[in-house]
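Below: one structure, written as structure tokens.
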Amino acid sequence: MPDRDPYRSSRTRATPAGPLPDELLLAAVDRAVRHRARGTAVPTWTIIDHLAVPRRSAAARSVRLQLELLHETGWLARSRRHGVPTWELTEIGRERLLLELRTGRVAELPESPQHRAWRAARVAATQEIARFRRELQERLAQAASLLDAREPPASDVWLELADELRRASRRLASASYCLYEWAEPDDARADIDERTDDDADAQLDAGERAQRRARRAGRRNIGLWDDGAGR
């Protein structure tokens with residue numbers, strides 16, 4: 001496939017009920033493979049996600065059957081990874097898809113899972129970043145108050161506050177990244193957080209770069225923003 005997104009995609013379009021056009025299923029398999037970290041064959045549930053089909057539904061069962069039929073026609077290759085069936089286009093299947101793309105017969109795919117994740121993170125960050133700032137300000141004010149206290153606080157107080165400060169700082173950092181730094185994904189390729197920043201990291205030595213990359217782990221994971229997460 002060319003190094004660009006060959007498909008139109010829609011944020012709101014639902015996958016139609018009933019059997020899907022073969023070319024749409026081929027397109028979903030192709031995009032799912034391109035969005036996989038190493039571009040390898042993908043499990044069935046991943047293809048179902050790219051079609052925006054509920055995993056436990058009649059439509060999902062229909063997709064599974066169609067995958068088998070496309071395998072029998074020679075358009076899909078089936079393999080197994082850890083006992084789970086995986087799929088990718090054969091050369092014949094790729095040629096078929098390219099032909100359908102050239103003639104404009106491939107319908108819109110639904111919004112890709114990686115674009116949905118990016119959009120959801122931006123929405124969540126927009127809604128929460130002001131609260132995260134306030135919470136960090138409150139923790140910093142608490143620390144300043146403890147520093148000014150006449151009686152030195154117990155060590156446990158500082159240790160507990162250290163955990164709260166770290167959590168508040170990391171949550172604000174994650175929201176800031178999702179809102180201001182995470183670029184909109186190009187569906188031509190996998191959107192993977194490599195945790196690098198060429199400009200910001202250029203002046204660091206190897207050890208400092210490794211530390212900074214480690215600190216960036218999980219910055220896209222808005223599930224870690226829940227008050228009970230990580231405790």
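Overview of results
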item: Matching residues in the range 34-91 - criterion: being touching a Pro at 6+ places or on another chain (Cβ under 7 Å) and either at positive phi or assigned to a helix (DSSP H, G or I) (or both); result: T44, D49, H50, A52, A60, S62, Q66
item: Filter pass, R94 being of a type in the set (K, R) and modelled with pLDDT under 95; result: no
item: Pick from the range 190-200, criterion at pLDDT 90 or above and acidic (D, E), ranking: surrounded by the fewest Cβ atoms within 10 Å (Cβ to Cβ); result: E194
item: Count - residues of the range 112-152 that are of a type in the set (S, T, N, Q) and in contact (Cβ under 8 Å) with a residue 12 or more places away in the chain; result: 4
item: Meets criteria (acidic (D, E) and either over 28 Å from W118 (Cβ atoms) or in contact with a Ser or Thr (Cβ under 9 Å, 6 or more places away or on another chain) (or both)) for D148; result: yes
item: Residue within the range 107-116 that is surrounded by 12 or more Cβ atoms within 10 Å (Cβ to Cβ), over 26 Å from I192 (Cα atoms) and at pLDDT 95 or above present; result: no
item: Criterion: within 17 Å of L24 (Cβ to Cβ), out of contact with any Cys (no Cβ under 7 Å at 6 or more places or on another chain) and assigned to a helix (DSSP H, G or I) - qualifying residue of R119, R131, R94; result: R94
item: Residue, surrounded by the most Cβ atoms within 10 Å (Cβ to Cβ), within the range 211-231, restricted to residues that are out of contact with any Leu (no Cβ under 9 Å at 6 or more places or on another chain) and small (G, A, S); result: A229
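The values are calculated or read from the model by the stated rules, or taken from the named source; none is laboratory data. Bear in mind that the values here come from a model prediction, so they are computed numbers and not experimental data. Here the Cβ is made from the backbone with ideal geometry for all residues, glycine too, and neighbour counts use every protein chain on show.
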